[in-house]
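Have a look at the structure below before the remarks.
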Amino acid sequence: MSKNQISSSFHAYLSRLRWIKRWGLKRNAHEENVMEHSWEVAVIAHTLALIKNRYYEGELDANAIATAALYHDITEVITGDLPTPIKYHSPQILAAYKQIEQQAESELLNLLPEALQEDFKPLIQHQYLPPSHQQIIKAADRISAYLKCQAELKAGNTEFEIAAQKLAKNIHELQQPEVVFFMQTFAPSCSLTLDGLMQTS
């Protein structure tokens, strides 16, 4: 088969991330899908990497981290979003989910033309991602979830009170200086209204 005849459904799968809803066990004032969450995690991860480089002597590839963050939940187009309380309900459930996730990673990677698979492997199969990149993306993922909780609380939705408290504790326990910097510098203004933002500007 010539390169002009290759057909792949990889991007068709990616486009369906907009239909995968997050926080499925909770009532949402504003529903969030995996596609928008992935974008937010990517921009937060990019910022965290730059903070680490500029203020804490890091040597991270911020662009590579942002790219990997865009793909960090790609398997959910197959598995759906399994809520955290269920995923971590027991070691058995977590182990089973990890196995399903790895199978989904392999299936998605195999959808790509063979010549591209090596390029996408560290983006789709997380075990090939450098630990330093994984650490930043994990922190960005938690920050994104925390900001979502704060937005829901601001909308009067008390469903997210306990989740917000747990995420705040988890973020604090990371003990990453770039995370502390982000939470002190950027997070507070995320709760402002548009008028409030314009006044502070």
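The values are calculated or read from the model by the stated rules, or taken from the named source; none is laboratory data. Because the structure is a prediction, the values reported are computed rather than measured. As a convention, Cβ positions derive from the backbone with ideal geometry for all residues, glycine included, and neighbour counts pool all protein chains shown.
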- [ ] Only residues that are under 11 Å from the mean Cα position of the chain (by Cα) and touching a residue at least 24 places away in the same chain (Cβ under 8 Å): list them for the range 23-52, please.
- [x] 34, 37, 38, 39, 40, 41, 42, 44, 45
Task: Listing of helices (runs of 4 or more DSSP H) fully contained in the range 105-201 that carry 3 or more residues being closer than 28 Å to residue 28 by Cα and in contact with a helix residue (DSSP H, G or I) (Cβ under 8 Å, 6 or more places away or on another chain) - done: 131-154, 161-173, 177-185
Task: So residue 160, is it aromatic (Phe, Trp, Tyr), under 29 Å from residue 55 (Cβ atoms) and modelled with pLDDT of 95 or more - done: no
Open item on the list: Suppose we keep only residues that are among the hydrophobic types (A, V, I, L, M, F, W, C) and at pLDDT 95 or above within the range 24-38. Which one would you say is surrounded by the most Cβ atoms within 10 Å (Cβ to Cβ)?
Closed with: 34
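Here's the yes/no breakdown for (1) touching a residue at least 60 places away in the same chain (Cβ under 8 Å); (2) surrounded by 18 or more Cβ atoms within 10 Å (Cβ to Cβ); (3) of a type in the set (D, E, K, R); (4) over 30 Å from residue 10 (Cα atoms):
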site	(1), (2), (3), (4)
117	no, no, no, no
129	yes, yes, no, no
132	yes, no, no, no
139	yes, yes, no, no
166	no, no, yes, yes
179	yes, yes, no, yes
187	no, no, no, yes
TODO: Test residue 14 against the stated conditions and say whether it is modelled with pLDDT of 95 or more, in a helix (DSSP H, G or I) and either touching a Lys or Arg at 6+ places or on another chain (Cβ under 6 Å) or within 30 Å of residue 114 (Cβ to Cβ) (or both).
DONE: yes
- [ ] Tell me, please, whether a residue that is within 22 Å of residue 167 (Cα to Cα), of a type outside the set (Lys, Arg) and not in a loop (DSSP other than H, G, I, E, B) can be found in the range 51-60.
- [x] yes
